[in-house]
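The values are calculated or read from the model by the stated rules, or taken from the named source; none is laboratory data. Since the structure is predicted, the reported quantities are computational estimates derived from the model, not experimental observations. Counting neighbours? That spans all protein chains shown, and the Cβs are built from the backbone with ideal geometry, glycine included.
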Amino acid sequence: MPSSTDHPLWAPYRDLRAAGRREFGEREVFIAEGRILVEDLLAAGRAGRLIVHSVATTPALAEQLRPQLPAHAVLLVAPEEDLHALAGFPFHRGVLACAEVPDTPPEDQLLACERLLVLPRLDDAENLGLLLRSAAALGMDGVLLGKGPDLWSRRTLRVSMGAAWRLPAWRADDPSELLARWHAKGGEIVGAALGPGSEMAHAWIPARRCALLLGPEGSGLDPAWLLRCDRRVVIPMANAVDSLNVAAAGAILMYQMTGHREG
């Protein structure tokens, strides 16, 4: 157990305010923060789903966390004020963990998804985290991501509450080709969109294989993505409200999808 935060094992925890994935040795790693999230990460490590390098915490929590460490993970202990200085801001959550960014799942797993969430572009890490959390909780099979916040950013991970390592995810700057290959195996592409031709979400019965497309707040799906859709759905609004937050709308539509899953 290194006694000084100058030790190289502490390096991934430096300057975390805007942290996403970062290089550590020959691998990319990410940082999880907060006891609930870290304990979930450690459980995934013990189950062999993730490789956990280290846990950084205060003396008050060290002995409670030690029995939860996966094999080969190192426990790093420092006073709270040293954690603040290391992270670059007052850090009051008491515990951090560093784990390897897992390999992208094979493409065949994407093509086999029956309930797929597709996010061609998002602008906000919190919305991404909320959508991932809902997708995992509601039983979606996977997520296909385009441009936007990093799946392994500190903020996305915190809001997703571990969904980033619970749910298969694929990323491409332009995910249209991957979606086209998924579509070629049957099923429908459904876009969430306002305007003529959109059917009401409560009356929508998804096909056995269905991909739901959501666009960023404000602009929504652009015309090129709408042309790829077989159908469009809309959530009716009341009280002169024009639309929902994309994460709220996504949760409603994913519930409708997974509630109609056959078998």
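Which residue, of Val101, Val95, is β-branched (Val, Ile, Thr) and either over 30 Å from Met257 (Cβ atoms) or in contact with a helix residue (DSSP H, G or I) (Cβ under 8 Å, 6 or more places away or on another chain) (or both)? Result: Val95 is the single residue among Val101, Val95 that is β-branched (Val, Ile, Thr) and either over 30 Å from Met257 (Cβ atoms) or in contact with a helix residue (DSSP H, G or I) (Cβ under 8 Å, 6 or more places away or on another chain) (or both). Kindly indicate whether any position in region 65-77 is farther than 30 Å from Cys229 by Cα, basic (Lys, Arg) and touching a strand residue (DSSP E or B) at 6+ places or on another chain (Cβ under 8 Å). Yes: region 65-77 contains one or more residues that are farther than 30 Å from Cys229 by Cα, basic (Lys, Arg) and touching a strand residue (DSSP E or B) at 6+ places or on another chain (Cβ under 8 Å). The residues listed here are Gly139, Gly129; of these, the one that is in contact (Cβ under 8 Å) with a residue 12 or more places away in the chain, closer than 14 Å to Arg209 by Cα and not basic (Lys, Arg) is Gly139. Residues in region 19-46 that are assigned to a helix (DSSP H, G or I) and within 16 Å of Val74 (Cα to Cα): 8 in all.
How many residues does region 31-73 contain that are among the β-branched types (Val, Ile, Thr) and surrounded by fewer than 15 Cβ atoms within 10 Å (Cβ to Cβ)? Even if it seems obvious, please write down each step before you answer.
If we filter region 31-73 for residues that are among the β-branched types (Val, Ile, Thr), which is where we start, we get 31, 36, 38, 51-52, 55, 57-58.
Pick out the ones that are also surrounded by fewer than 15 Cβ atoms within 10 Å (Cβ to Cβ) and you get 36.
Residues flagged as among the β-branched types (Val, Ile, Thr) and surrounded by fewer than 15 Cβ atoms within 10 Å (Cβ to Cβ) within region 31-73 amount to 1.
If you check Leu119 against the conditions, is it buried (at least 17 other Cβ atoms within 10 Å of the Cβ), assigned to a helix (DSSP H, G or I) and either assigned by TED's automatic domain parsing to the domain that holds Arg181 or in contact (Cβ under 8 Å) with a residue 60 or more places away in the chain (or both)?
Numbers: buried (at least 17 other Cβ atoms within 10 Å of the Cβ): yes; assigned to a helix (DSSP H, G or I): no; either assigned by TED's automatic domain parsing to the domain that holds Arg181 or in contact (Cβ under 8 Å) with a residue 60 or more places away in the chain (or both): yes.
When the stated conditions are applied, Leu119 does not pass them.
For the criterion of being farther than 20 Å from Arg155 by Cα and assigned by TED's automatic domain parsing to the domain that holds Gly94, Pro70 passes.
Note on region 194-225: among residues that are more than 24 Å from the chain's Cα centre (by Cα) and among the hydrophobic types (A, V, I, L, M, F, W, C), the one that is surrounded by the most Cβ atoms within 10 Å (Cβ to Cβ) is Trp204.
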